[in-house]
Amino acid sequence: MTAQIKPIHVIGGGLAGSEAAWQIAQAGVPVVLHEMRPLRGTAAHRTDGLAELVCSNSFRSDDAQANAVGLLHAEMRMLGSLIMREGDRHQVPAGGALAVDRDGFSAAVTQALVDNPLVSISREEIAGLPPADWDSVIVATGPLTSPALAEAITALTGSDALAFFDAIAPIVHRDSIDMGKAWFQSRYDKAGPGGSGADYINCPLDRAQYDAFVTALLAGEKTSFKDWEADTPYFDGCLPIEVMAERGPETLRYGPMKPVGLTNPHRPDEKPYAVVQLRQDNRLGTLFNMVGFQTKLKHGEQVRIFRTIPGLEHAKFARLGGLHRNTFLNSPALLDESLRLKAMPRLRFAGQITGCEGYVESAAVGLMAGRFAAAERLGLEVRLPPPTTAHGALLGHITGGHLADESGPRSFQPMNVNFGLFPPLAEAPSRDAAGKKLRGPERGAARKRALSARALADLAGWIGAGSAEAAE
Ligand SMILES: Cc1cc2nc3c(=O)[nH]c(=O)nc-3n(C[C@H](O)[C@H](O)[C@H](O)COP(=O)(O)OP(=O)(O)OC[C@H]3O[C@@H](n4cnc5c(N)ncnc54)[C@H](O)[C@@H]3O)c2cc1C
């Protein structure tokens, strides 16, 4: 029976492509996995193994109760993930994190795919659009997609739609901002398209706070570009904030920290010397990005320095800033809800090229793309995971959850999975099992446990409904 099913083609045998190929084969559909290494390398890969980890060997926290990536691990295990199976088998001690023996892990993923009779592996670069008779293709070529394929994708999507560098400003959880110091207001109360005139959260600085902030930015430890990133352009007005500060102490006050058109309702008679603005980042309204704050400061330094901003003393960061070589699509505009390119639906995208970030997230998007493509091939309904699950939250970020800011450079930027991407609970837990009122960190931990329990229950229901449908 499977001999008559036309194969699905997966381009790129990294984290996403390996998982996608595995999921397709698990559904009983043949798959051809095209990987260009070792014939053609990338600037970061060192081996010819599938699912090579190019940098750290960590899948990050494995705690499904307290961390969204831990929850993603748990969900992927429930969905029969090859990446998680081999990650678990090749675990090395790393406290609460799941770290793996990278060579053993990659060799085992490669072997599992080589041994699978439904998987063929073709070592070749796909150096342009796939042939027209490949009617179902998953492009999972990652942040270092080969230039020939990237050019072909750009020709299809338009030059603004595929970025080659990210320029990431930090994102803060809305509920960690102190609104006793910050306030909602748009500059000059301008409503703008779809706005209310109070769309930004503003954090005021007086002169001493501003001067100390600029000094800290200049002294803060920065990450350097890798050799092959050295030509990273500072483009589209996306200068890192510390580079702006280097141009003079007043530069930021005339740039992203300008205080004009804003009145602090907490101190209406006092004009702020500078203001940091945060703009709503997702439709749910749970995340706000620090406008114009793209940076190459080290992550620890960002947390330390940005928490000196009034209102952000206890900020929890869903994403920290950065600037890297990275190939990724403007997915919310280009992809449909099941990751197909609207302009050419035979192409589906997966992994970091869709605008997720991280090994585990890339594999999870590969898992979804593989399942969607296999269901389509078998004539079954393509079922999206519930938005309350980590998979659904990640898919939502990629295909529609982000609120685009049309006024400046492209605002959709890669992101790790985090609880800010999940729809809020109807009722957040406020008391423990004994009825005692929860406070501060305890309350946050209880909220995460509740979000996690909801996600795992909803995923189990989704898997159950899928099995029932397949059995009909
Ligand atoms: C330098 C660097 C360091 C990173 N460090 C980390 C980290 O420490 N932790 C973390 O979680 N994430 C890290 N990331 C981010 C990201 O999670 C990883 O890059 C991850 O591997 C992405 O998975 P992927 O499957 O989308 O792409 P990849 O794993 O890169 O897989 C893409 C595959 O496609 C192949 N390919 C490319 N073009 C073609 C073509 N035209 N034809 C055929 N094959 C092709 C490549 O050879 C590669 O094997 C890093 C990224 C970079 C660039």
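Observations
- The convex hull around the C-alpha trace of region 234-323, projected and averaged over every direction, spans 6.9 square nanometres.
- Percent antiparallel among DSSP beta bridges (both partners in the chain, rounded to 5): 65
- Debye, to nearest 20: dipole size of region 278-409, +1 on Lys, Arg Cβ, -1 on Asp, Glu Cβ: 260
- Charging the Cβ of each Asp and Glu at -1 and of each Lys and Arg at +1, and nothing else, the dipole of region 88-224 about its Cα centre rounds to 500 debye.
- Calculated from the alpha-carbon coordinates, the chain shows an Rg and a Dmax of 23.0, 78 Å respectively.
- Leading residue at positive end of dipole, the chain (Cβ point charges), from Leu456, Met179, Val214: Met179
- Label-to-label distance, nm, for residues given as Leu218 and Ala465 (7 Å Cα→Cβ offset): 5.8
- Every helix of 4 or more DSSP H residues in the chain counts as -39500 (n - 2.57), and over all residues that averages to -9500 deg cm²/dmol at 222 nm.
- Residue exposure sequence - Ser61, Ser467 - by fewest surrounding Cβ within 10 Å: Ser467, Ser61
- Lysine pairs within the chain, Cα separation less than 15 Å, 8 or more sequence positions apart or different chains: 7
- Residues of region 409-445 with amide N under 15 Å of a point placed 7 Å along Cα→Cβ from Gln65: 432-434, 442-445
- FRET efficiency, 1/(1 + (r/R0)^6) with R0 51 Å, evaluated for Ile5 and Arg307 via beta carbons: 0.40
- Around His391: net Lys/Arg minus Asp/Glu count, Cβ-Cβ under 14 Å: -1
- Protection proxy ranking, peptides 374-382, 350-358, 210-218, average beta carbon neighbours within 10 Å, highest first: 350-358, 210-218, 374-382
- Look at the alpha carbon pairs under 8 Å that are at least 6 residues apart: their mean separation over the length of the chain gives a relative contact order of 21 percent.
- Range of Cα positions in region 48-114 per principal axis (Å), largest first: 35, 24, 17
- Total formal charge among the other residues, if their Cβ is under 11 angstrom from that of Ala274, Lys/Arg +1 and Asp/Glu -1: +1
- Descending semi-axes in Å of region 315-367, equivalent ellipsoid built from Cα gyration tensor: 23, 12, 11
- Net length gained if the chain between Arg247 and Ala132 were fully extended (0.36 nm per residue, minus Cα distance): 36.2 nm
- Debye equation applied to the C-alpha atoms of region 428-472, log10 I(q)/I(0) at 0.22, 0.24 Å⁻¹: -0.72, -0.78
- Positive-pole candidate from Gly255, Gly322, Leu149, dipole of the chain, charges at beta carbon: Gly255
- Modelled label reach - Glu125, point 7 Å along Cα→Cβ, region 34-52 residues with backbone N closer than 18 Å: 34-49
- Listing Tyr200, Tyr359 from fewest to most neighbouring C-beta atoms within 10 Å gives Tyr200, Tyr359.
Rule-based calculations on the coordinates, nothing more; no lab input. None of the values given here were measured: they were computed from a predicted structure. All Cβ positions, even for glycine, are placed from backbone atoms using ideal geometry, and neighbour counts span all protein chains on display.
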